[in-house]
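The next block holds one structure in the form of structure tokens; read it before the comments.
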Amino acid sequence: MTKANGNGAVPVRESQRRSMQQHAQGPAAMLAIGTANPTGVVIPQDHFADDIFRMTKTDHLTQLKEKMKRICQKTGIEKRYFHLNEESVGANPEFLDRELPSLDARIDMVATAVPKLAHSAATKAIAEWGRPATDITHLVFSTYSACQAPSFDLQLATLLGLRPTVSRTILSLHGCYGGGRALHLAKQLAENNHGARVLVACAELTLVCFGAPDGSNLVGTALFGDGAGAVIVGAGPFSEGERPLFEMVSATQTTIPRTEHVLGMQVSRAGVDFHLGIQVPTLIGQNIKQCLIDAFGTDDAPCSDWNDLFWAVHPGGRPILDNIDTVLKLEPGKLAASRHVLREYGNMSGATIVFVLDELRRPRKETGLLPEWGAMLAFGPGITIEAMVLRAPRLDEY
């Protein structure tokens, strides 16, 4: 081994050798997945309009209520889960008036609820992984509910009993592409730090943006629900018992120019305000093919047909999935996992993509049937598109 020189400095050659040893072997992979939803309130979509207008004391707005019912019928959603209940709304009447300050009250409620929900999903992922939580070296937490520091990343690390040396990163207000961004970052961390095991946690509660229905928020109110997802990410060499679910081959992030005004979030004294433009599905459809080509690193489609791939797509709404189906000429059922998650849970923002990945790996776990190559897509404010090339290893490969 090369020794340090007289003044204690490590020679360049030794530094380079150590740097090479810090990198992992091969691409990062998802090693375990866990999901969770609040246990308090489950609202069927066909009852939602009646429930939300009663809860917010706006039953007298009959035309608006009928419009909400029509929107709910078109969403492709059957039910959604919520942390906020009627009793909590009654105890916080300021939630119903956007002119009244309510941010502090909302932050107080999410301060314990969000980490608790994330803990539920993370413990499932860690149990599937099969190694102790203290083996986690990095934590990436994505949420649109964080408005304080120290934040949910530290609280989750404490709840899980992670080491004080765990490297924490929190991604705030990334919205629906937060899960994709967190997984992209986890890939880079795992591949550039030998032996790293990254816990990705995404947790979202709509109570930070809850309000009485009005003419500007009906679509978002009809779409969003609460949930949390967690993924363990690592790269080779893999320990005994570790089995990659999806290899994370390559990833890109693309922002569609001049779309900042179309989709976004803003923190105000009355909570978090969402803005969802009607152009979102069309804009995503117009740009999705080029984003995929960039992610695969080819001048054309990576295969003879986009139908040769499996698909993990964030179900931001039925029109987004329909546009992707049309543009890529996908066969019926190619987006089945995304449509299933939308139907059963609604749009849980950044956590939703983890539910889609969990749903997608079920048939493979049972039958092994899944194309070898796939693509993951998530969309959010910007408009930002996260794309990742995935590979499903053979069940006997590891």
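General observations
- The residues neighbouring His174, those whose beta-carbon lies less than 13 Å from its own, together hold a net charge of -1 under the Lys/Arg +1, Asp/Glu -1 convention.
- Per residue of the chain, the DSSP helices (runs of n ≥ 4 H) give a summed -39500 (n - 2.57) that works out to -12000 deg cm²/dmol at 222 nm.
- Taken over the chain, lysine pairs spaced eight or more positions apart, or on distinct chains, with alpha carbons under 14 Å apart number 4.
- Accessible area of the stretch 263-398 belonging to carbon and sulfur atoms, whole % at 1.4 Å probe: 49
- The stretch 180-186 - phi-based ³J(HN,Hα) in whole Hz, Karplus 6.51/-1.76/1.60, Gly and Pro as x: x, 5, 5, 5, 4, 5, 4
- Apportionment of accessible area to carbon and sulfur, the stretch 121-221, percent (1.4 Å): 54
- For the stretch 191-294: relative contact order, % (alpha-carbon pairs under 8 angstrom, 6 or more apart): 29
- For Ala336 and Ala105, a Förster radius of 51 Å and the Cβ-Cβ distance give a FRET efficiency of 0.80, rounded to the nearest 0.05.
- Rounded to the nearest Hz, the phi-derived 3J(HN,Hα) couplings of the stretch 98-103 under the Karplus curve 6.51 cos²θ - 1.76 cosθ + 1.60 (θ = phi - 60°) are 5, 8, 9, x, 9, 4, where x marks glycine and proline.
- Net charge of neighbours whose Cβ lies under 15 Å from the Cβ of Gln266, counting Lys and Arg as +1 and Asp and Glu as -1: +1
- Under-5 Å amide H pairs with Gly227, H placed in peptide plane, nonlocal only: Glu204
- Under 5 Å, built H, 5+ apart or other chain: amide partners of Arg80: Ile43, Gln45
- Extension gain, Ala91-Glu372: 0.36 nm per intervening residue step, less the Cα-Cα distance, totals 96.0 nm.
- Positive-end residue, the chain charge dipole about Cα centroid, Cβ charges, pick of Ala133, Gly40, His275: Ala133
- Built amide H within the under 5 Å cut-off of Ser142, gap 5+: Leu171, Ala201, Cys202, Ala203
- Ratio Rg/Rh, restricted to the stretch 206-267 and using Cα atoms, in which Rh is the Kirkwood radius: 1.15
- For the chain, a crude dipole built from +1 on the beta carbon of Lys and Arg and -1 on the beta carbon of Asp and Glu, taken about the Cα centre, is about 620 debye to the nearest 20.
- Dipole magnitude for the stretch 108-212: computed about the Cα centre from +1 point charges on Lys and Arg Cβ and -1 point charges on Asp and Glu Cβ, it is near 180 debye.
- Among Pro132, Pro244, Pro381, residue whose mean-square fluctuation peaks in a GNM of the chain (springs only between Cα atoms under 10 Å): Pro132
- Ellipsoid semi-axes in whole angstrom, largest first, where each is sqrt(5λ) of the Cα gyration tensor of the stretch 133-264: 30, 18, 13
- Distance from the Cα centroid of the stretch 178-224 to that of the stretch 88-152 is 11 Å (rounded to whole angstrom).
- Average Cα contact separation per residue, the chain, under 8 Å, 6 or more apart, as relative contact order %: 24
- With θ taken as phi - 60° and the Karplus curve 6.51 cos²θ - 1.76 cosθ + 1.60 applied, the whole-hertz 3J(HN,Hα) list for the stretch 48-56 is 4, 4, 4, 5, 5, 6, 5, 4, 9 Hz, x standing for glycine and proline.
- Remark: spin-label model distance Arg394-Thr112 equals 5.2 nm, labels positioned 7 Å along the Cα→Cβ axis.
- Excluding ligands, DNA and RNA, the accessible surface per residue across the chain is 44 Å² with a 1.4 Å probe.
The values are calculated or read from the model by the stated rules, or taken from the named source; none is laboratory data. Predicted, not measured: the structure shown is a model, and the values here were computed from it. No Cβ is skipped: glycine too gets one built from the backbone with ideal geometry, and neighbour counts run over all protein chains shown. The area values use the complete protein model at the heavy-atom level, side chains included, leaving out ligands, DNA and RNA. Shrake-Rupley method; radii C 1.70, N 1.55, O 1.52, S 1.80 Å.
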